[in-house]
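Before any comments, here is the structure.
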Amino acid sequence: MDNDNGLSVVLGAGQIGSRIVDRLLARGQRVRLVNRSTALPERPNLEQVRGDLRDLGFADWDPPDAGEDI
């Protein structure tokens, strides 16, 4: 697999989101987890951001390392 170590963004740390995070980290990916409440344990390559996409101010937030909009 060609791994450019790009950033994957996962929404939520529930049963599905946490499993996606686990798999991406196992592949060596960098992951930004956006979650409203409980955080996952800290791990290398995992950045956790607390926020709610229903909040338009947060949804419009543009992190400093964000790439181009698609």
Label-point gap, in nm, between Leu7 and Arg27 - each point 7 angstrom along Cα→Cβ: 1.8 nm
Protection proxy ranking of 34-44, 19-29 - average other beta-carbon atoms within 10 Å, highest first: 19-29, 34-44
Net charge of Cβ neighbours under 14 Å - reference Arg23; Lys, Arg +1; Asp, Glu -1: +3
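No lab work stands behind these numbers, since they all come straight from the coordinates. Predicted model only: the values in this text are computed from it and were never measured. Cβ atoms come from the backbone with ideal geometry, glycine included; neighbour counts cover every protein chain shown.
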